[in-house]
Amino acid sequence: MLALARHVLDALPMTIYAMDLEGRITSANRGAWPRFAERHDAAEGSPESGTPENAAPGAFVWDAMDDQAARPRIEQAMALLRTGRAPAVHWEQPCGAARGSGVCHAQVTPLLDGEEGTDRALVGFVLALVDVTPSHRACEALVDAGVALVRATSQRQLCEELTQQARLAAQAERVAIALADGNEATPRLVHHAGYPDDATALEQRLAPAWLEALAQGRVLVSRDATGVELTAPIAAAGVRGAITVRRDDQGSPDALDDTLGGAPGGALATLATLATQAAAAMERIRLAQREAGARRLQAMGEVATGAAHELRHSLSGIASAAQLLRFRAQDDPVLEKNVGRILREAERLNRMAGSLLDYGRSTPPLSPGDPDAVWDDVIEASRGQLESRGLVLCRDRAKRPARCLLNAERLAQMFGAVLENAVDAAPEASDLMLESSVLSSGEWRCRLRNGGPAIPVETLPRVFELFFSTKPGGSGMGLPLCERIAGDHGGAIGVASGEEGTVVTVTLPLAGRG
């Protein structure tokens, strides 16, 4: 049994010293500390290490460790253990006085003599030292990564920072990041580095792994002849995506396995933590942008209200003067024509002033309701408009009714404007698709799609700008007003356009979740 115990101690990947009550070594597992020291000295470029003589029986343990700074900690631990108030004392320390880059975990336990259940005498102590440098460095890298990610103020900046941190912490040569628009959408590639594939091919190849990682909620590992690819889900309230990293390795599969463990320091644990940090940072950015957008809309509403009142006051005077001039110019056709033009333009500006007042008007108090029920009323009121152009509205309702805080009148105003724009842009005798769903992130979402021509790429970023319009005679107030109404409901509206048509997406928080 003693021989077996010796073999077991010698096989352990740690240094173990048995000491007397004064801290002198009585035995040690075979050469563990000198090998441990040499490994760190080699990393530091120094061939010196603790010698076997230092670890011989009778030597003080802190001399064997070649680290006099450890002596006070060991003596304090032995003093505490003599009182019997603690079963063990442990701490972390550098691996030797000249080994600042290495870290070991030290633990001192009492060595008792006697049978179990009897009063046992304290005859010495046991000191165990374990190299925790890899996990320590991994933890430091993840702390640095978390600090770097939290500084990002935009999605683009966050993705660039996440790529850099994944390359450093997970030792990855290639990185791809995907994000989804809502909990039911497939993640789309938003950033990649190092991959030779073009974006479309890369997205098609990695999409199954992204979906599987999100479904299973864990890091997935895929191997081939040249290395390994890891995919971690990025998931938080309102955020859904994935990050894939690739590590090329032509060496031993066993060596590669050592770096992939789920323990601290392994690539799986590192990537999982990075993905969690990224999800939290993305959610913070999303909330900050929503808050900034709400403040911007409120400020614009106040400006619009002031401008509308001033405009209406002046238009009233212009219209009155023009009416008086028309009465006196009945015998002059040229003057009559120009006066008519003045009145028509005054009326157009008056309608725009009304739109500005509507934009600046805050939403009345909200009450619980189903936004799909509001859509029902809007669609019923628009039947004639749809039939006049031969359009068919295909409806896919949410599987369960939503309950949102809303103002039905204002929401109907937004839905009506969205539907009117879709009808205007849709080819005659075509189909419109309206689908709504309740997302697990705590939001109701609807999407209205038409098959019309794509909005030009230079125009799309400006569709929510006040007074921007591509329609002849348009006021440029329709979509900005929709954005204001969505924001007043704590939601958002977005427009995407491509070869298959244009999609308007509206999201509203569920009652109690927004």
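The values are calculated or read from the model by the stated rules, or taken from the named source; none is laboratory data. This is a predicted model, so every value here is computed, not measured. Neighbour counts are summed over all protein chains in view; Cβ atoms, including those assigned to glycine, are modelled from backbone coordinates with ideal geometry. In case anyone asks, the SASA skips ligands and DNA or RNA and just uses the protein heavy atoms, side chains included. Shrake-Rupley method; radii C 1.70, N 1.55, O 1.52, S 1.80 Å.
Overview of values
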quantity	calculated
Residues located in segment 477-499, provided they are of a type in the set (D, E, K, R) and either surrounded by 22 or more Cβ atoms within 10 Å (Cβ to Cβ) or at pLDDT 85 or above (or both)	E483, R484, D488
So V504, is it open to solvent by less than 30 Å² (accessible area, probe 1.4 Å), assigned to a strand (DSSP E or B), closer than 27 Å to L356 by Cα and at pLDDT 90 or above	yes
Criterion: touching a residue at least 24 places away in the same chain (Cβ under 8 Å) and on the phi > 0 side of the Ramachandran plot - qualifying residue of A412, A398, A429	A429
Residue match in segment 452-462 (condition: of a type outside the set (D, E, K, R) and open to solvent by less than 20 Å² (accessible area, probe 1.4 Å))	yes
Residue tally, condition among the aliphatic types (A, V, I, L, M) and open to solvent by 40 Å² or more (accessible area, probe 1.4 Å), over segment 327-356	4
Residues satisfying the stated conditions in segment 365-396, i.e. in contact with a helix residue (DSSP H, G or I) (Cβ under 7 Å, 6 or more places away or on another chain) and either small (G, A, S) or farther than 30 Å from P427 by Cα (or both)	G369, S382
Enumeration of residues in segment 360-376 that are modelled with pLDDT under 80 and within 32 Å of the chain's Cα centre (by Cα)	S362, T363
